[in-house]
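Working notes, beginning with the structure itself.
The values are calculated or read from the model by the stated rules, or taken from the named source; none is laboratory data. None of these values were measured; they are calculated from a predicted model. So basically every Cβ, Gly included, is an ideal-geometry build from the backbone, and we count neighbours across all protein chains shown. Just so you know, the surface numbers come from the protein's heavy atoms only, side chains and all, with ligands and any DNA or RNA stripped out. Shrake-Rupley method; radii C 1.70, N 1.55, O 1.52, S 1.80 Å.
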Amino acid sequence: MHSSSYIFDSINVNNLQQTSYPRDNLQTKIVHIGFGAFHRAHQAVYTDLANNEEGEPWGIYGINLFRKGTLSDDFAAQDNLATLIEKDSVSSTKRLVRSFTGAMNIHDKGTQFALDKLCEPQVAIVSLTVTEKGYCLTPEGRLNRKNTLIQQDLDSPHTPVSAIGIIVEALRLRKEKSLSAFSVMSCDNIPENGHKTQIAVLDYAKSIDAKLAEWIESNVTFPSTMVDRIVPAMDDSTFQHLEEEIGVQDCFGLISETFKQWVIEDQFCNGRPNWHLSGAMLVEDVLPYEEMKLRMLNGSHSFLAYVGSLCGYKYVYQCMEDPLLKELTAQLMIEEQALSLSDELDVDLQRYAQSLLARFSNQNIKHQTTQIAMDGSQKLPPRVIESILALLQKGAFDEKNPPSILLFLLAAWMHCIQGKHTADYQLIDPEAETLISLLDSSALGSHPCDALLQFKAVFNDNLLAHPSLIKRIKYFYNVIEQQGIQAALTELSALLRTQE
Ligand code: NAI
Ligand code: CS2
């Protein structure tokens, strides 16, 4: 398997931490759809470390649905190995990740090649990190039949383009060949991600073949997972840094934080790696952990993404260097998000919040606010809207005393959508066209907030039923518009003191 031309043969591998199990017969038992940064720095690492502990090693084959380029050959040229530098604020660990068997872009190798991989008999798990939009769900959590990829797949299900269409076609072929089913494991930031994936898959399968849907229902499991590790997208400067630290160019290399967490619902129809041996928690119910992480970590990230962008901060750690922004982030975590969570959650939320603030302050992690700001239409419902509604339902806040930081976040998002604060801000969102057309249609004199409030995927009827909350969003929007973001943050902080 080894050839002297692999890049990692030419460097001092003692410099890199690596596992020692033999890779010569590493078999693909996991096919991962969405071979992006996060998967390579999280699930692949857990699998690599678990492989080193005991039992048969599990190999991972990666598939990208929409990326261009010769991924397969490029990755094979470095023996399907990739580097990862894990950094906290003072130290770093350089790792070689060895659990991959290969990877492909469908653009390059074609759909049939991907389906063949998914139909290899020993494949037991198909995992996903395809971003929130990749599940093609409606805001109510059903399959979105108006989604263009889904429409295309329903018309020609044997040559699918969506993640859901590919999974169902692979399962159909496996059933036809009398092969075992595989588990479908979502690792995206979506609450009840397993259950939601199951709904998308079954809604889709029912539309093409009722018997197949029945077979999937009885044979396939959809474990939910809570995943956590900050893995920023790489850019020229981080690639340069990686090369300086590792000694070779690795276009699959990544820099992540040291922290990692994985909570998995233990529901696998066809086995799984010993992930508990590498630190994952296997539990019966993941939802309380998912909600905790989505609201306290991701919700605060979205706050920093929009407010930080308006302030002109490029990176999350720079937001944390602004004392007022740091204080408001802590207040958002503890005084709003934490109160929205299940009372049964057995976690010290004060300590959790402190650890999040420390992670966000890590100057060695160059996490761009604009990266987190992407896809707000998909991210805000679970991170913000559901928290607001839970807070009202639990009586922690009410119409007279609303959760102001969450509402401020929504006002900041409305500003960012318009991108007026900086010349180079780009709205990247699958709903960008709808959002812009709402704004355009309101151009003749009406308030931009009124236009955007018609965007029902975020501002749903349950939220709109609280006029005083809507009034407060508009109020914050106007203060940001008229006085600027810094003055608006000062006003928010003062308002919070009067609410205490
Ligand atoms: P990335 O940009 O490196 O990779 C995204 C992957 O999703 C690519 O493979 C892309 O082809 C695929 N994709 C995008 N839209 C798709 C669609 N409509 N259908 C199918 N595939 C699609 O991003 P990264 O960092 O790997 O993050 C991906 C997801 O992982 C996030 O959206 C989030 O849900 C989850 N995650 C990321 C973390 C991070 O820090 N990067 C941490 C925790 C979770
Ligand atoms: C971030 C997350 O991009 C985003 O929306 O909030 O990717 C975040 O970095 C991870 O969930 C951390 O685990």
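Consider segment 150-176. How many of its residues are of a type outside the set (A, V, I, L, M), touching a residue at least 40 places away in the same chain (Cβ under 8 Å) and out of contact with any Cys (no Cβ under 7 Å at 6 or more places or on another chain)? Lay out the reasoning, then the answer.
Pass one, segment 150-176, residues of a type outside the set (A, V, I, L, M): 151-153, 155-160, 162, 165, 169, 172, 174-176.
The next check asks that each one be touching a residue at least 40 places away in the same chain (Cβ under 8 Å); those that pass are 153, 157, 159-160, 162, 169, 172, 174-175.
Going one step further and asking which of them are out of contact with any Cys (no Cβ under 7 Å at 6 or more places or on another chain), we end up with 153, 157, 159-160, 169, 172, 175.
Total meeting the criteria: 7.
Out of all the residues in segment 194-250, which are in a helix (DSSP H, G or I), under 21 Å from Thr93 (Cβ atoms) and more than 16 Å from ligand 2 (Cβ to nearest atom)? Walk me through how you get there before you give the answer.
Initial filter on segment 194-250 (in a helix (DSSP H, G or I)): 194-208, 210-219, 236-246.
Remaining after also requiring under 21 Å from Thr93 (Cβ atoms): 237-246.
Scanning segment 194-250 gives Ser237, Phe239, Gln240, His241, Leu242, Glu243, Glu244, Glu245, Ile246.
Considering segment 213-227 alone, what residues qualify as being surrounded by fewer than 20 Cβ atoms within 10 Å (Cβ to Cβ) and touching a residue at least 24 places away in the same chain (Cβ under 8 Å)? Give the derivation first.
If we filter segment 213-227 for residues that are surrounded by fewer than 20 Cβ atoms within 10 Å (Cβ to Cβ), which is where we start, we get 213-215, 217-219, 221.
Hits for segment 213-227 are Trp215, Asn219, Thr221.
So which residues in segment 453-478 are buried (at least 20 other Cβ atoms within 10 Å of the Cβ) and among the β-branched types (Val, Ile, Thr), if there are any at all?
Val458, Ile473
Just name the residue that is farthest from Ile166 (Cα to Cα) out of those in segment 22-34 that are buried (at least 17 other Cβ atoms within 10 Å of the Cβ) and more than 16 Å from ligand 2 (Cβ to nearest atom). Please lay out each step first, then the result.
At the first step, the residues of segment 22-34 found to be buried (at least 17 other Cβ atoms within 10 Å of the Cβ) are 23, 26, 28-34.
With more than 16 Å from ligand 2 (Cβ to nearest atom) added as a condition, the list becomes 23, 26, 28-33.
Numbers: Arg23: 28, Leu26: 24, Thr28: 18, Lys29: 17, Ile30: 15, Val31: 12, His32: 12, Ile33: 10 Å.
The residue in question is Arg23.
Test Lys400 against the stated conditions and say whether it is among the charged types (D, E, K, R), under 16 Å from Ile388 (Cβ atoms), part of a loop (DSSP other than H, G, I, E, B) and touching a residue at least 24 places away in the same chain (Cβ under 8 Å).
Details: among the charged types (D, E, K, R): yes; under 16 Å from Ile388 (Cβ atoms): yes; part of a loop (DSSP other than H, G, I, E, B): yes; touching a residue at least 24 places away in the same chain (Cβ under 8 Å): yes.
So Lys400 fits the description; yes.
Can you name the residue in segment 354-397 that is part of a loop (DSSP other than H, G, I, E, B) and open to solvent by less than 30 Å² (accessible area, probe 1.4 Å) and, of all such residues, is farthest from ligand 2 (Cβ to nearest atom)? It would help to see each step written out before you state the result.
So in segment 354-397, the residues part of a loop (DSSP other than H, G, I, E, B) come out as 361-367, 374-375, 394-397.
With open to solvent by less than 30 Å² (accessible area, probe 1.4 Å) added as a condition, the list becomes 362, 365, 367, 375, 397.
Working: Asn362: 12, Ile365: 9, His367: 7, Asp375: 8, Phe397: 23 Å.
Only one residue tops the list, namely Phe397.
Being more than 30 Å from Glu54 (Cβ to Cβ) and touching a strand residue (DSSP E or B) at 6+ places or on another chain (Cβ under 8 Å) narrows it down to one of Met234, Met226, so name that one. First the steps, then the outcome.
On the way: Met226 fails: more than 30 Å from Glu54 (Cβ to Cβ).
Answer to the check: Met234.
Enumerate the pairs (first residue in segment 247-275 and free of Cβ contacts under 8 Å to residues at least 40 places away in the same chain; second residue anywhere and assigned to a strand (DSSP E or B) and open to solvent by 10 Å² or more (accessible area, probe 1.4 Å)) with beta-carbon separation below 9 Å, excluding pairs fewer than 6 apart on the same chain, so at least 6 apart or on different chains.
Here the result reads Gln261/Met281; Val263/Met281; Val263/Leu282; Val263/Val283, each pair linking segment 247-275 to a residue that is assigned to a strand (DSSP E or B) and open to solvent by 10 Å² or more (accessible area, probe 1.4 Å).
Taking segment 336-353, which residues are surrounded by fewer than 18 Cβ atoms within 10 Å (Cβ to Cβ), among the charged types (D, E, K, R) and in a helix (DSSP H, G or I)?
Arg351
Checking Gln122 against (1) without any contact (Cβ under 8 Å) to a residue 40 or more places away in the chain; (2) open to solvent by 20 Å² or more (accessible area, probe 1.4 Å), which single condition isn't satisfied?
Of the numbered conditions (1) without any contact (Cβ under 8 Å) to a residue 40 or more places away in the chain; (2) open to solvent by 20 Å² or more (accessible area, probe 1.4 Å), the odd one out for Gln122 is (1).
Show the residue pairs that are 6+ apart or on different chains and have beta-carbon atoms under 6 Å apart, the first residue being within segment 181-205 and open to solvent by 10 Å² or more (accessible area, probe 1.4 Å), the second being of a type in the set (Gly, Ala, Ser).
Glu192/Ser224; Lys196/Gly141; Leu202/Ala213
Report, ordered by the first and then the second residue, all pairs with beta carbons closer than 9 Å, sequence separation of six or more or different chains, a first member in segment 302-324 that is over 20 Å from Asp375 (Cα atoms) and open to solvent by 30 Å² or more (accessible area, probe 1.4 Å), and a second member that is at pLDDT 95 or above and within 13 Å of ligand 2 (Cβ to nearest atom).
Hits for this filter: Tyr317/Phe360; Tyr317/Asn362; Tyr317/Ile365; Tyr317/Lys366; Tyr317/His367; Gln318/Gly308; Gln318/Thr369.
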